[in-house]
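First the structure, in the form of structure tokens, and then the observations on it.
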Amino acid sequence: MTAITRFAPSPTGFLHIGHAASALFSAKQAGPNGRFLLRIEDIDQTRCRPEYVDAIFEDLAWLGLRWEEPVRIQSQHFRDYEKVLDRLTDAGLLYPCFCTRKDIQEEIARIGNAPHGPDGVLYPGTCRNLSASERADRVATGESYALRLDMVRALRQVASPLSWYDRKVGKQDATPEIFGDVVLARKDTPTSYHLSVTHDDHLQGINLVTRGEDLFFASHLHRLLQELLGYDVPEYHHHGLLTGPDGKRFAKRDKSKTLRSMRDEGMSAQEVIALSGYV
Ligand code: GLU
């Protein structure tokens, strides 16, 4: 198989050594005969900044990476994600959720016990059973809402058990129910990480999704979305994460380990590559 891989950073800060490791890993998996793509995941317009996008291009080029043009920039494709959401709405799989964080906390406190999923406590389902007329009225009055996946209905649409192949850990059975009624379009942005990443990987023909093992659980849900939308199923490789001397993984807040700070201190790209040690 000719591997088509991608590195898909969010421009919410400067890239650090962990990103370098991830990008290099992805390009290496594509190899000389495969294709390596770069995608800018900037759907969160409050946290993403254009200067960080420019810095991503600059830092990755400095590392010696090359990628195909044009680069897909998610914020330029909100209409695409809307169309995908419409398909799920038409299939009766999404519902508007008007709850604030506080509403959700209060409901959870009231019922006393709510299971946890990979993104925190599962949504208690408050808005799932609103009548069609109440939904329409609240939308008409301009109340803001998110779109949630009705997980039980979604699972009913799936004929056989779902799985994926992970190059690091082998065959995985997918259990998307761990996410409950997950948000697929946020109140503050008309899509979500899960929806846009699944759609774009399909659209761009990615056949090997490489990303850090911190996103391992997301693949359970992405596998369900692929099934609901009739998308091809890529292979995955969730790689290990680089950690600092304190055993904690690098984050964008660790300013000292950004690629540009290392460059400014006089490190060469080769030295950074050696330090990133792949993953
Ligand atoms: N944009 C995501 C991030 O920066 C990664 C997406 C992915 O590789 O699936 O964490």
(request) Identify, by number, the condition in (1) more than 17 Å from residue 199 (Cβ to Cβ); (2) modelled with pLDDT of 95 or more; (3) open to solvent by 50 Å² or more (accessible area, probe 1.4 Å) that residue 59 doesn't meet. (result) (3)
(message) Could you go through the stretch 70-82 and let me know if any residue there is assigned to a helix (DSSP H, G or I), free of Cβ contacts under 8 Å to residues at least 24 places away in the same chain, open to solvent by 20 Å² or more (accessible area, probe 1.4 Å) and away from the ligand (no atom under 15 Å from the Cβ).
(response) yes
(request) Go through the stretch 23-35 and give me each residue that's within 15 Å of residue 209 (Cα to Cα) and out of contact with any Lys or Arg (no Cβ under 7 Å at 6 or more places or on another chain). (result) 23, 24, 25, 27, 28, 29, 30, 31, 34, 35
(request) Looking at (1) within 15 Å of the ligand (Cβ to nearest atom); (2) touching a helix residue (DSSP H, G or I) at 6+ places or on another chain (Cβ under 7 Å); (3) outside any helix (DSSP H, G or I); (4) open to solvent by less than 50 Å² (accessible area, probe 1.4 Å), find the lone condition where residue 241 falls short. (result) (4)
(request) Return a yes/no flag: does the stretch 260-269 have any residue that is over 24 Å from residue 71 (Cα atoms), within 15 Å of the ligand (Cβ to nearest atom) and out of contact with any His (no Cβ under 6 Å at 6 or more places or on another chain). (result) no
(request) Would you be able to say whether some residue in the stretch 218-229 is at pLDDT 95 or above, over 29 Å from residue 92 (Cα atoms) and surrounded by 17 or more Cβ atoms within 10 Å (Cβ to Cβ)? (result) no
(request) Scan (1) surrounded by fewer than 22 Cβ atoms within 10 Å (Cβ to Cβ); (2) at pLDDT 95 or above; (3) in a loop (DSSP other than H, G, I, E, B) for the single condition residue 191 breaks and write down its number. (result) (1)
(request) Pick out the one residue from 214, 201 that is under 15 Å from residue 72 (Cβ atoms), open to solvent by 10 Å² or more (accessible area, probe 1.4 Å) and charged (D, E, K, R). (result) 201
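Restricting to the stretch 156-180, give me the number of residues that are polar (S, T, N, Q), over 21 Å from residue 117 (Cα atoms) and at pLDDT 95 or above.
Filtering the stretch 156-180 for residues polar (S, T, N, Q) gives 157, 160, 163, 172, 175.
With over 21 Å from residue 117 (Cα atoms) added as a condition, the list becomes 157, 160.
From what is left, the residues that are at pLDDT 95 or above are 157.
Total meeting the criteria: 1.
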(request) Note down all Cβ pairs under 6 Å where the first residue falls in the stretch 176-199 and is over 16 Å from residue 39 (Cβ atoms), the second is of a type outside the set (A, V, I, L, M, F, W, C) and assigned to a strand (DSSP E or B), and they're at least six residues apart or on different chains. (result) 178/117; 179/117; 180/117; 181/148; 183/148
(message) With the requirement that a residue be more than 30 Å from residue 98 (Cα to Cα) and in contact with a strand residue (DSSP E or B) (Cβ under 8 Å, 6 or more places away or on another chain), what does the stretch 149-174 give you?
(response) 161, 162, 163, 164, 165, 166, 167, 168, 169, 171, 172, 173
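Please enumerate the residues belonging to the stretch 30-53 that are of a type in the set (Gly, Ala, Ser) and either assigned to a helix (DSSP H, G or I) or in contact with a Phe, Trp or Tyr (Cβ under 8 Å, 6 or more places away or on another chain) (or both). First the steps, then the outcome.
Taking the stretch 30-53 first, the residues of a type in the set (Gly, Ala, Ser) are 30-31, 34.
Scanning the stretch 30-53 gives a single hit, 30.
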(request) Return yes or no: is residue 29 within 25 Å of residue 207 (Cα to Cα) and in contact (Cβ under 8 Å) with a residue 40 or more places away in the chain? (result) yes
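I'd like the full set of residues that are in a loop (DSSP other than H, G, I, E, B), small (Gly, Ala, Ser) and buried (at least 23 other Cβ atoms within 10 Å of the Cβ), limited to the stretch 1-26. Show your work before the answer.
If we filter the stretch 1-26 for residues that are in a loop (DSSP other than H, G, I, E, B), which is where we start, we get 1-3, 8-15.
From what is left, the residues that are small (Gly, Ala, Ser) are 3, 8, 10, 13.
Across the stretch 1-26, the qualifying residue is only 8.
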(message) Quick check on the stretch 16-52: of everything there that is over 17 Å from the mean Cα position of the chain (by Cα) and hydrophobic (A, V, I, L, M, F, W, C), which residue is nearest to the ligand (Cβ to nearest atom)?
(response) 25
(request) Starting from the stretch 206-222, keep only residues that are more than 8 Å from the ligand (Cβ to nearest atom), then list their pairs with residues that are of a type in the set (Phe, Trp, Tyr) and part of a helix (DSSP H, G or I) whose Cβ atoms are within a distance under 7 Å, requiring at least 6 positions of separation or different chains. (result) 221/179
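The values are calculated or read from the model by the stated rules, or taken from the named source; none is laboratory data. Every value quoted in this text rests on a predicted model; they were computed, and no experiment measured them. Methodologically, a virtual Cβ is constructed for each residue, glycine included, from the backbone with ideal geometry; neighbour enumeration extends over all protein chains shown. When the accessible area is computed, the model is the full protein with side chains, heavy atoms only, and any ligands, DNA or RNA have been set aside. Shrake-Rupley method; radii C 1.70, N 1.55, O 1.52, S 1.80 Å.
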